[in-house]
Each structure stands twice: as structure tokens, then as C-alpha cells.
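First comes the structure, then the notes that go with it.
Nothing in this text is a laboratory measurement; each read-out follows from the coordinates by a stated rule. Keep in mind the model is a prediction, meaning the values are calculated, not measured. Ideal geometry is used to build each Cβ from the backbone, glycine not excepted, and the neighbour counts take in all protein chains shown.
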Amino acid sequence: MNIPRKKFVILFIISGFAFLFISTSLLGTTGPQGFPQSPDSILRTGSDSGVTWKSAASTIILPIKIVLIGPLALPQINFLKEDPPPPFIGIYFIFYWTILASIIHYFLGNVQESTAEPRIY
């Protein structure tokens, strides 16, 4: 991959925060991370407002949100019930997305190297 890992991770973190902020603002979901507050309704698609486009958009972006939220989305974790201060949620996202972006950068680099033409010496 031509982009340095540090720059890729920074762009990934900025894009992740922008995605969550925009999707949460447009879809009107509750909670700091864009999921409904109760753990039982994490996999519920659509919004309560009944607007068709919101329901369709929420259904489409749900897999992306599950990957971006990561272990925080698991119902077994009571992290959201305690309502931690916002900096802790942001720190969690930065830590998790740094690991996720590093893994993605590594695999994209390997794919690009394997598809490149072999060098003849």
C-alpha cells in the first residue's frame, strides 16, 4: 500500500468519527455511538419514526456500525448502562479503531503485493 500506516490510521479515525456523527444525526438514533440504548434492540433495524428512508438507511449501514462500534455493541457489556463520560467513549473508539485500521492496512498491503507483477531480475 502506498499510504503510510500512520496516515492511514489517522484518516480511518477521522472517517469513523465523521461516519458515526453523520449517521447518528441523520437517522436520529439515540446514544453516543448511534445504537439504541437497550442491549436487546441492538440488532433492530429502522427507526421508531416510521420514515421509510430512515429505516432503509439504518438497515444498510447497520453492518458498518457493528464493525465500527466493535465490542461495545455486544449485549454482555454493561459499558453503556453506566453512562461513562464522553472522553472515555472517544478514547475507546480511538484505541479500537487504531487496532482495526492497522489490521486493515496490513491486509490491504498484502493483497496489493500479491496482485502486483512479479519482479524479474
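Worth pointing out:
- Using the Cβ-Cβ distance between Leu72 and Ile3 with R0 set to 30 Å, the FRET efficiency from 1/(1 + (r/R0)^6) comes to roughly 0.65.
- Ranked by how many other Cβ atoms sit within 10 Å of their own Cβ, fewest first, the residues Phe93, Phe12, Phe88, Phe19 fall in the order Phe88, Phe19, Phe12, Phe93.
- Here the residues Ile69, Ile104, Ile99, ranked from fewest to most Cβ neighbours within 10 Å of their Cβ, fall in the order Ile99, Ile104, Ile69.
- Put in line by how crowded their Cβ is, counting other Cβ atoms within 10 Å and starting with the fewest, Lys7, Lys54, Lys65 read Lys7, Lys54, Lys65.
- Modelled FRET efficiency - R0 25 Å, Phe19 with Ser114, Cβ distances, 0.05 increments: 0.30
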